[in-house]
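Taking it in order: structure first as structure tokens, then the write-up.
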Amino acid sequence: MTSLGKRLRRWLYLGHRWLGILTCLFFAVWFVSGGVMMYVGFPRLTEAERRAALPALAWDRVALSPEAALVRAGLRPGEVQRLSLSMLADLPVYRVVPWDGATRTVAATDGRVIAGLDAAQALAVAAPHPAALAPVALGLIERDQWTVHQRFDPARPFHRIALGDAAGTELYVARATGEIVLDTTRHERFWNWFGAIPHWIYFTPLRAQRDLWRDVVLWLSGVAIAGAVSGLTVGLIRVRLRRRYARGAVTPYRGWMRWHHLGGLVAGTALLTFIVSGWLSMNPNRWFSAQGPDRAAQERYAGPADRPFGLDRAAAALSCSDVREARFTRLDGRPGLILACADGRSQICCTEGARPSVAAITAAARRLMPEAPPPEVSLIEREDAYWYAHHSARSLPVLRLVFADPAATWFHIDPATGEILGRLDRSDRLSRWLFNGLHSLDFGILIRHRPAWDAVVLLLLLGGLLVSVSGLVIGWRRLVRG
């Protein structure tokens, strides 16, 4: 070997040593917390939980039309992203969400704008929750560990309400609108300190600064990738399968170094895969596009807002015996009403032509991408690689519209209501494999046989943990020796 080759190898060994000392603790934390996250996710309010916490809609008290509610909110139909009717404690209200996300709440009885809720009103909102036993107001907060994400920004601040149940459930009620935006349980709050919080480096002071948090995770993951690559390289250089070391050993090391070397050879690829895919989940350099349609596409799909919604309360009450929420929609300019029933169904009511046909949805969908040829439409009745319910609920059947645009965009639309459920282009489908596939092992054969998925993921996590812990011991001993 030349002197240059020896120097390069020396730098490689030294680089891996110090990169390992810097990152092995993070590796160990990531593998342990990843195991916790397999079974306890970060707190979120599911649609089923949100719907269950709403009282039955009091149709007989609704005196204001949707159009009048928009006027009281100071908005025109074209300025509204979402319009719904539900209960605020015992008061029916319209919730008007403009495109900037700042929800406005209008009483459906007399048209007054609800400016904000005090603690007593927030308790009244929490009272119908199925878990409410003895609700107690815990105070008004702007941000805490569980509401640190930016999606909560339009709803801040929150009344925090403890329900007094055995699970220790706490609700977050937006002061401005009276909506329940989050629920957490004692179980979730405890285990997330060992799961998502250390795994995502989700500590409130850091995560509250979104761009800084993103940079920290990207750079830390990048350094970890360099440590893993250098370690895998050193491991391959030092292993001998033919001309073995003394006593027929394939590794020159003993003790913890032996475990680190052999463990790295066996689990190093999995470790590197987890770290690289986690780094990619942060969308470095914005390689992957947003998965929702933009405002212009949604407006083209909805069509002109020149026809009034109207409100046939009698027909709505007959369509669903226990309505929790009514959502006003447009499809190709035709107004419609989607009823969220207590049993989980979404029922179309009082629309022109009732349930939209596939032809009507396709005609409206062509305007999602007017520059592209008409899409290919298929009805997905079973889960597949891009529409599945391993970690989140997915409704079936669903329409898939495939456009032949440069980005090869797909849209998924609910055939029962015409609502757009998601958008995927070529970059998003690539991200699905690079992150969900390589990081979460979301492969069909595994997720359809959940015990097999658990066994494989846990085995890989244990292998990575062995490499990390042995590296920690080796690094600590090196530091102690000075």
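Conditions tested, residue by residue: (1) aliphatic (A, V, I, L, M); (2) open to solvent by less than 40 Å² (accessible area, probe 1.4 Å).
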{"site": "Thr169", "(1), (2)": "no, yes"}
{"site": "Glu179", "(1), (2)": "no, no"}
{"site": "Leu182", "(1), (2)": "yes, yes"}
{"site": "Ile225", "(1), (2)": "yes, yes"}
{"site": "Ser230", "(1), (2)": "no, yes"}
{"site": "Ala249", "(1), (2)": "yes, yes"}
{"site": "Trp256", "(1), (2)": "no, no"}
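May I ask you to list the residues in the range 26-74 that are polar (S, T, N, Q) and either free of Cβ contacts under 8 Å to residues at least 60 places away in the same chain or crowded, with 19+ Cβ neighbours inside 10 Å (or both)?
Listed by number, the list holds a single entry, Ser33.
Suppose we keep only residues that are under 23 Å from the mean Cα position of the chain (by Cα) and either under 30 Å from Gly303 (Cβ atoms) or part of a helix (DSSP H, G or I) (or both) within the range 446-474. Which one would you say is modelled with the lowest pLDDT?
Arg450
Quickly run through the range 95-123 and pick out the residues that are open to solvent by less than 10 Å² (accessible area, probe 1.4 Å) and either part of a helix (DSSP H, G or I) or over 16 Å from Val181 (Cα atoms) (or both).
Answer for the range 95-123, where residues must be open to solvent by less than 10 Å² (accessible area, probe 1.4 Å) and either part of a helix (DSSP H, G or I) or over 16 Å from Val181 (Cα atoms) (or both): Pro98, Val106, Ala107, Ala108, Gly111, Ala122.
Go through the range 386-430 and tell me which strands (runs of 3 or more DSSP E), entirely inside it, have 3 or more residues that are touching a helix residue (DSSP H, G or I) at 6+ places or on another chain (Cβ under 9 Å) and closer than 23 Å to Leu331 by Cα.
410-413, 420-424
What single numbered condition from (1) in contact with a His (Cβ under 8 Å, 6 or more places away or on another chain); (2) closer than 16 Å to Ala89 by Cα; (3) not acidic (Asp, Glu) fails to hold for Thr177?
(1)
Mind checking which residues of the range 235-279 are in a helix (DSSP H, G or I) and more than 19 Å from Leu465 (Cα to Cα)? Can you show your working first?
First, pick out the residues of the range 235-279 that are in a helix (DSSP H, G or I): 235-238, 246-248, 255-279.
Leu236, Ile237, Arg238, Ala246, Arg247, Gly248, listed by residue number.
So which residues in the range 437-452 are free of Cβ contacts under 8 Å to residues at least 40 places away in the same chain and either touching a Pro at 6+ places or on another chain (Cβ under 6 Å) or under 29 Å from Ser346 (Cβ atoms) (or both), if there are any at all?
Result: Arg448, Arg450.
Only one of (1) touching a residue at least 12 places away in the same chain (Cβ under 8 Å); (2) open to solvent by 50 Å² or more (accessible area, probe 1.4 Å); (3) under 28 Å from His412 (Cβ atoms); (4) not hydroxyl-bearing (Ser, Thr, Tyr) fails for Arg286. Which number is that?
All conditions are met except number (1).
Could you list, in sequence order, all residues of the range 372-424 that are without any contact (Cβ under 8 Å) to a residue 60 or more places away in the chain, open to solvent by less than 50 Å² (accessible area, probe 1.4 Å), aromatic (Phe, Trp, Tyr) and under 26 Å from Arg448 (Cβ atoms)?
Within the range 372-424, Trp387, Tyr388, Trp410 qualify.
Looking only at the range 171-192, count every residue that is under 21 Å from Phe274 (Cβ atoms) and among the aromatic types (Phe, Trp, Tyr) and tell me the total.
Counting residues in the range 171-192 that are under 21 Å from Phe274 (Cβ atoms) and among the aromatic types (Phe, Trp, Tyr) gives 1.
Select from the range 124-147 the residues that are in contact with a Pro (Cβ under 9 Å, 6 or more places away or on another chain), of a type in the set (A, V, I, L, M, F, W, C) and open to solvent by less than 40 Å² (accessible area, probe 1.4 Å) and list them in ascending order.
Within the range 124-147, Ala126, Ile141, Trp146 qualify.
In this structure, is Ser440 in a loop (DSSP other than H, G, I, E, B), open to solvent by less than 30 Å² (accessible area, probe 1.4 Å) and under 18 Å from Ala385 (Cα atoms)?
On the way: in a loop (DSSP other than H, G, I, E, B): yes; open to solvent by less than 30 Å² (accessible area, probe 1.4 Å): yes; under 18 Å from Ala385 (Cα atoms): yes.
Considered against the rule, which asks whether it is in a loop (DSSP other than H, G, I, E, B), open to solvent by less than 30 Å² (accessible area, probe 1.4 Å) and under 18 Å from Ala385 (Cα atoms), Ser440 comes out as yes.
Which of the residues belonging to the range 364-399 are more than 21 Å from the chain's Cα centre (by Cα) and under 22 Å from Ser346 (Cβ atoms)?
Ala364, Ala365, Leu368, Val377, Ser378, Leu379, Ile380, Glu381, Arg382, Pro397, Leu399
Given (1) touching a Leu at 6+ places or on another chain (Cβ under 7 Å); (2) open to solvent by 30 Å² or more (accessible area, probe 1.4 Å); (3) within 23 Å of Leu88 (Cβ to Cβ), where does Cys320 come up short, assuming only one miss?
(2)
Which of the residues spanning the range 297-314 are in a helix (DSSP H, G or I) and of a type outside the set (Lys, Arg)?
Within the range 297-314, Ala297, Gln298, Glu299, Tyr301, Ala302, Ala314 qualify.
Exactly one condition in (1) touching a residue at least 12 places away in the same chain (Cβ under 8 Å); (2) open to solvent by 50 Å² or more (accessible area, probe 1.4 Å); (3) within 19 Å of the chain's Cα centre (by Cα) is false for Gln209; which is it?
(1)
Going by the structure shown, is Arg330 open to solvent by 30 Å² or more (accessible area, probe 1.4 Å), in a loop (DSSP other than H, G, I, E, B), touching a Pro at 6+ places or on another chain (Cβ under 9 Å) and basic (Lys, Arg)?
For Arg330, the condition - open to solvent by 30 Å² or more (accessible area, probe 1.4 Å), in a loop (DSSP other than H, G, I, E, B), touching a Pro at 6+ places or on another chain (Cβ under 9 Å) and basic (Lys, Arg) - is not met.
The values are calculated or read from the model by the stated rules, or taken from the named source; none is laboratory data. Since we're looking at a predicted model, the values are computed, not measured. Glycine gets a Cβ as well: all are built from the backbone with ideal geometry, and neighbour counts include every protein chain shown. All accessible areas refer to the heavy atoms of the entire protein, side chains included, with ligands and DNA or RNA removed. Shrake-Rupley method; radii C 1.70, N 1.55, O 1.52, S 1.80 Å.
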